[in-house]
Amino acid sequence: MRRLVTAVLLTLLLTGCSLRNMQIFSDLTQKGKLSEAISAMDKGNELAATKLLEEICASENVSGVTDEALFRLSMLGLRQYKEPEGMQLVQKRMERLRTEFPTSEWTRLAWPLMEYMNSVEGVRGDLRALKLRNTSLAKDNRELHLANQQLQGTNQSLTKENKEIKERIDKLKDLDVELERKNRR
């Protein structure tokens with residue numbers, strides 16, 4: 001029985017040490033990937049850096065590594081500023097950085113950028129609303145222009161009709177005057 005208990009304890013002890021060694025190995029691997037990504041960024045190879053940083057962010061969080069990777073990946077994503085999906089991804093990464101690593105120096109560095117991006121998104125929303133309003137006003141303007149043209153056409157025909165009526169009235173007056181002259185004779 002003592003041998004069995006000793007064997008179980010020894011197995012648990014060795015397994016625990018190996019799990020800890022695996023965690024340390026994982027941390028070293030992530031740090032190595034981060035330094036490779038930084039090196040790739042320094043060389044201008046943003047595609048390789050992005051791939052490495054995405055791998056780091058997708059794996060288990062390592063303080064001092066994952067937070068920096070999230071920050072750097074967000075900075076690389078800023079080039080996709082005109083694409084709404086790209087900016088949403090950057091904002092999600094920044095939000096993840098803020099929530100998962102609230103005391104990190106990378107979070108403090110990212111904070112002004114997050115505020116700026118939120119204000120820009122607000123301005124973009126206002127711009128979209130103004131564009132919709134502009135489109136609506138342009139449509140209303142076209143409709144008013146067509147209505148104005150129709151009124152001008154109606155006005156011209158009424159003016160012509162008035163002129164004809166005035167001519168008829170003048171002729172009737174002339175006829176009336178002639179009839180009176182004839183009746184007086």
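Summary table below
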item	result
Segment ARG185-ASN148, length gained on full extension (0.36 nm per residue, minus Cα span)	7.8 nm
LYS31/ARG128 FRET efficiency (R0 45 Å; Cβ-Cβ; nearest 0.05)	0.60
Vicinal HN-Hα couplings computed from phi for region 173-179 (Karplus, 6.51 cos²θ - 1.76 cosθ + 1.60; Hz; Gly/Pro x)	4, 4, 5, 5, 5, 5, 5
Nearest-20 debye value, region 83-166 charge dipole, Cβ charges on Lys, Arg, Asp, Glu	300 debye
Distance between region 155-185 and region 73-130 - C-alpha centres, whole angstrom	81 Å
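Only the coordinates and a few stated rules stand behind these numbers; no lab work does. Bear in mind the structure is a predicted one, so any value in this text is a computation, not a measurement. With ideal geometry, Cβ positions are generated from the backbone for all residues, glycine too; neighbour counts draw on all protein chains shown.
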